[in-house]
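First up is the structure itself, then whatever we jot down about it.
The values are calculated or read from the model by the stated rules, or taken from the named source; none is laboratory data. Keep in mind that what you see is a predicted model, and the values were worked out from it rather than measured. Glycine also receives a Cβ, built like all others from the backbone with ideal geometry; neighbour counts cover every protein chain displayed. For accessibility, only protein heavy atoms count, side chains too; no ligands or nucleic acids. Shrake-Rupley method; radii C 1.70, N 1.55, O 1.52, S 1.80 Å.
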Amino acid sequence: MSPGRTLEETHLIKCEGAQDLFYTEEHWTSEIKSFVSFTPPKFIQVIKAYRVASTDRLTLVVEVSSEPPALFEWFCNDKPVALNRQKFQVRHNLNVTTLTVENPAQGFYSCSARNPAGISKSYGYITVIDDQIRRKLLTSSDEFLAESETTTQNQQHILQRPPKFISQVPHLTLKPGAEGIVDVEVESSSNVKFIWYVNGRRILPTTANVEFYDPSNTRSIVLFKIPESGQYTVVAQNEYGIAKSSAFIEVEKDSTNETHLHLLQHQQQRSAPLPTGANISSSVTLPKTKPFPTQPNAATQRSSSLPRTGSPEADKEKVKPKSYETETFATISETSTYLTARGRRSTSRFTPQPPAFINQLPSEITVNPNEKLTLIAEVVAAPPAEIKWNVNGFEIRKSKNYTLENEQNKSKLIVHSPVKQGRYSCQARNDMGAITIGTTVHTATVNLPVFTETAIVATSDVEESDDSVATIKMNDSGNETDGATIFPQKPVILGDPPMEVMIPEGEALILEFKVAAYPEAKIQWYQNNFELKTGDGISIDRIGSNISRLTISSPSEGLFRATATNNLGQTIYECRVFTEIDPVKERVIFTRKSLSKSPQPIYKLRRRGSLNQRSDLPKPPKIVTGFAPTHRVKVNEPLVLDVEAEAIPEADFQWRVNNFEIKPNKSIKIEKVDENRSRIVFLQPIEGRYDVVATNYLGKDNLSTKVIVDYAYGTDENNQFPIFLDALPLTTILASDTMEHVMVVVVRTSEPGSFRWFADGNELYGNANHEIISESLKSTLIIRSVVPNDTEYAVEFTNSLGIIHSKTTVMTSPKSRPKTPTDKPPRFIELLSSTAIAKGDILEARVTVGEDTEPCEFEWSLQGVKVKPEFVMSSTFESIIRIPNASKDMSGLLRVIAKNKLGQAESSMHFIVVDVKNAKIKAF
């Protein structure tokens with residue numbers, strides 16, 4: 001290439017993402033000197049489009065990926081902001097910078113990031129609304145709304161797709177006592193629903209000190225009269241999908257306190273939304289970026305000294321724009337800086353940096369499959385990078401076909417023949433990041449000169465080229481040989497052999513099979529899946545290379561198949577053969593011959609003894625009752641998972657969320673419902689994978705489900721089913737001399753209700769032995785007497801939404817429950833509990849009576865009507881009701897009475913039948 005040759009290119013790239021539109025404009029005008037260089041900064045966070053008031057205090061943030069670190073410069077309407085330090089405040093961190101503007105002016109705001117390889121620029125447009133226009137928006141003037149709708153109709157046609165933000169939530173700083181106004185707008189082909197969140201809490205029209213205004217179908221303005229510091233998020237939703245925009249708003253404590261310091265952290269390291277009144281200035285130390293020398297002849301205009309040598313995979317790994325960023329115009333330019341690989345190592349020796357390849361692979365490689373392929377990759381990284389190779393997405397490991405030679409920040413891959421075609425990629429990864437390069441390998445299919453070895457070598461020396469190195473076989477005189485060879489080929493059928501053959505009577509069958517293959521293929525013949533060999537009227541002859549002939553003197557009907565196989569593959573040929581049969585012989589063939597009668601054997605049935613399988617033998621856990629593989633819940637909607645297993649001895653249950661073990665706390669309740677049965681309640685579930693593992697010493701079994709939280713819809717706070725936040729434990733052990741004990745339960749529900757306490761099935765009232773203190777959602781029972789052993793206490797909460805129960809067994813010693821009947825009246829140890837079932841399912845409920853009484857009889861009634869006996873199965877101490885095909889008119893009160901000669905006990909529950917198409921089933 002001549003020294004004076006130049007390359008001039010102009011690119012305008014439009015990228016349409018899931019939520020936004022991105023534009024990148026690149027201009028190259030440069031003198032080509034080398035193909036090895038640094039790359040200019042790549043934007044990770046860009047300037048977005050905002051709509052703010054003239055009195056606001058706005059903060060813009062930009063982040064780049066650059067090695068060495070980039071130097072930043074901000075501009076407002078093409079004027080450097082450094083000329084007006086009273087209005088603009090600039091702060092820098094490593095590859096991150098922010099610009100804070102007091103009383104912003106409308107126009108273009110840009111930021112340039114420079115390193116020795118070039119300059120990159122990001123642009124964004126800020127729209128400033130004065131008080132008069134803002135007042136019209138907040139008062140929703142009909143004239144102004146008509147103008148807005150006319151403007152919207154005049155816009156270009158919009159495709160049917162999810163909304164895309166054209167004005168996003170800005171980073172603002174508010175003074176104490178000032179109101180906060182957030183104005184966003186989207187591009188959408190249909191009406192848009194906006195959902196607002198502050199610090200993760202949904203903001204509703206009924207929320208105090210918040211006002212909503214909708215100037216158009218695609219625009220939303222929210223007025224926060226008493227704003228709080230934290231993260232403000234808006235979700236825009238139409239019939240085709242959703243889009244999201246988020247920013248931080250801080251309330252200034254005093255004029256000397258700096259705000260939005262957390263924006264100077266890298267995007268991957270940024271913490272969660274700021275709490276109310278949070279101040280991170282005392283805990284964050286911002287390192288200053290030191291300037292670095294540039295080349296004297298480095299150009300500052302939009303020019304580049306070198307073409308882009310990075311692969312698409314590497315660019316994707318380096319730059320990962322946020323999916324909800326708005327329009328961005330970035331101008332990337334590079335200078336004519338030349339650096340060697342040795343210089344790269346020295347400049348970043350003591351600075352941690354992600355991997356960067358110092359060599360490149362050709363985009364495509366064509367090789368002979370009989371020869372080996374060598375690929376070399378070398379990177380600069382601190383700490384040293386781990387390098388892995390893969391072909392067509394599968395990782396390559398050391399084997400007889402592949403040889404890997406790894407050194408520090410360098411790897412060599414040798415692919416032995418036959419070389420596999422496809423996409424070969426190399427990934428380098430360390431704690432700072434990852435990068436990938438690749439090449440496509442093709443196998444030659446035409447006759448070429450004989451290559452002894454093909455090696456693809458990419459090194460860091462400037463004089464060497466990245467092209468493939470090929471050594472051609474020489475003859476004795478030193479000249480290249482003119483001979484050519486046939487490349488390996490899997491068998492391919494030549495000609496058009498017949499698929500069906502009719503053989504006249506008395507004639508032989510002759511089939512010929514010819515293929516093209518190298519090396520020569522092995523041909524085998526089969527009839528009806530049985531291999532044929534030469535002999536007994538069968539002759540198999542090799543006519544020539546890859547040609548076989550089958551001759552059968554007396555053929556029979558059937559399917560004949562020939563296979564041609566070599567080390568590269570196999571091909572199959574099939575032919576259906578039919579033969580003519582003489583009608584007389586055919587009649588003889590199908591004449592049934594008489595069979596000699598022989599005495600039929602006599603079989604006698606013998607009675608076998610009954611085989612009773614013991615049910616108390618040890619066995620590993622097996623989950624018999626579980627939950628669905630997928631659960632979809634609303635925001636803040638409780639999630640209840642119930643699992644039951646069969647195991648001897650009893651299994652231990654362990655719950656996990658995203659592979660982390662879960663323990664009970666204020667928002668998570670785990671209870672042992674029965675033997676080998678566990679239930680967990682998440683008051684505020686999160687998205688992820690939920691697992692339960694049942695274990696004993698013989699083995700374990702597990703079950704998992706995927707939980708999806710639907711953030712696009714809020715929870716129905718006006719209709720919360722009652723659940724226990726603090727329930728009674730399964731067992732309560734008291735000392736024999738304990739004279740006073742306190743039991744407390746707390747319920748969460750949207751409506752207040754009433755509490756009832758029971759002891760051994762008998763309702764308790766306030767007296768000298770028991771004192772009951774009940775509030776709207778809390779109840780306390782104080783016991784001031786000695787409690788007999790195995791006394792069962794239960795509490796019931798009732799409101800218009802349902803009935804729930806909780807129980808505990810008080811034990812003064814570890815003795816077991818008496819099994820012999822006593823003179824006690826019946827009492828339920830397993831009560832009915834309110835539930836909801838799907839329409840068409842089976843209504844099933846069960847109750848159990850303590851075995852310290854006489855055998856009982858059970859009577860069931862639904863909505864006051866006695867249930868027919870065919871739906872009830874009862875024993876002496878247990879009764880189960882099963883009513884199939886539940887319908888909505890069956891919703892109501894289900895009651896059961898257990899009675900014997902000593903007395904009776906009653907339990908009831910309210911249940912509802914819902915349509916699974918319109919509602920979700922909750923079970924507690």
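Using the structure shown, list the pairs from K400/K522; K420/K522; K225/K666; K490/K533; K669/K807; K42/K193 with a Cα-Cα distance above 27 Å, or answer none.
Values: K400/K522 25 Å; K420/K522 23 Å; K225/K666 33 Å; K490/K533 24 Å; K669/K807 15 Å; K42/K193 34 Å.
Table pairs above 27 Å Cα-Cα are K225/K666; K42/K193.
Please compare each pair in K244/K839; K619/K672; K839/K866 to a cut-off of 31 Å on the Cα-Cα distance and tell me which ones are over it. Spell out each step's value before the answer.
Details: K244/K839 37 Å; K619/K672 20 Å; K839/K866 22 Å.
Result: K244/K839 exceed 31 Å.
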Requested in this report: Output ³J(HN,Hα) for segment 620-635: one whole-Hz value per residue in order, computed from phi by the Karplus curve 6.51 cos²θ - 1.76 cosθ + 1.60 with θ = phi - 60°, and x for Gly and Pro.
Outcome: x, x, 9, 6, 9, 10, x, 9, 5, x, 9, 10, 10, 10, 7, 5
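Convert 10 °C to kelvin, take the viscosity as 1.306 mPa s, use the Kirkwood radius over C-alpha pairs of segment 789-902 as Rh, and evaluate the Stokes-Einstein diffusion coefficient in µm²/s, rounded to a whole number. Mind showing how you got there, number by number?
On the way: Rh = 15.8 Å.
Translational D for this selection: 101 µm²/s.
Grab the Cα-Cα distance for E751 and I880, subtract it from 0.36 nm times how many residues apart they are, and report the gain in nm with one decimal. If you can, show how the numbers build up before the last one.
Details: separation 129, 0.36 × 129 = 46.44 nm, distance 3.15 nm.
Value of the extension gain: 43.3 nm.
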**Report entry** Whole-Hz couplings from phi, Karplus 6.51/-1.76/1.60, listed for segment 508-519; x for Gly and Pro
**Finding:** 8, 9, 10, 10, 10, 10, 10, 10, 10, 7, 8, x
Requested in this report: Kindly report, to the nearest 10 Å², the accessible surface of W74 as traced by a 1.4 Å probe over protein heavy atoms only.
Outcome: 10
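Full-extension gain between M873 and I602, please, as 0.36 nm times their residue separation minus the C-alpha to C-alpha distance.
Additional length available on full extension: 93.0 nm.
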Query raised in the report: Considering amide H positions built from the backbone, and no H for Pro or chain starts, which residues 5 or more places from E687, or on another chain, come under 5 Å of its amide H?
Result: V709
Query - Principal axis dimensions, largest first and in whole angstrom, of segment 618-669 by Cα - result: 43, 23, 18
Query raised in the report: Using θ = phi - 60° and the Karplus form 6.51 cos²θ - 1.76 cosθ + 1.60, what ³J(HN,Hα) does each residue of segment 868-879 get, whole Hz, x for Gly and Pro?
Result: 5, x, 5, 9, 10, 10, 10, 10, 5, 10, 8, 9
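Which of rounded, prolate, oblate describes segment 63-110, given a ≥ b ≥ c as roots of the alpha-carbon gyration tensor eigenvalues and a/c under 1.5 marking rounded, otherwise prolate only if a/b is larger than b/c?
Judged from the Cα gyration tensor, segment 63-110 comes out prolate (a/c at least 1.5, a/b above b/c).
Counting other Cβ atoms within 10 Å, which trypsin sites (Lys or Arg not before Pro) in segment 754-813 have at most 15 and lie in a DSSP loop?
Those satisfying the criteria are R784.
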Query raised in the report: Once amide H atoms are built 1.01 Å from N in the peptide plane, which residues 5 or more positions from G892, or in another chain, come under 5 Å H to H?
Result: F911
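Taking 0.36 nm per residue of sequence separation and subtracting the Cα-Cα distance, how much length would be gained by fully extending the chain between A838 and N567, in nm to one decimal?
Roughly 91.5 nm would be gained on extension.
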**Report entry** With DNA, RNA and ligands ignored, accessible area of H171 (1.4 Å probe; Å², nearest 10)
**Finding:** 20
Query raised in the report: Non-local amide H neighbours of T853 (under 5 Å, H modeled in plane, Pro and chain starts lacking H): which ones?
Result: T822
**Report entry** Distance (nanometres) between label positions extended 7 Å along Cα→Cβ at L683 and T206
**Finding:** 2.1
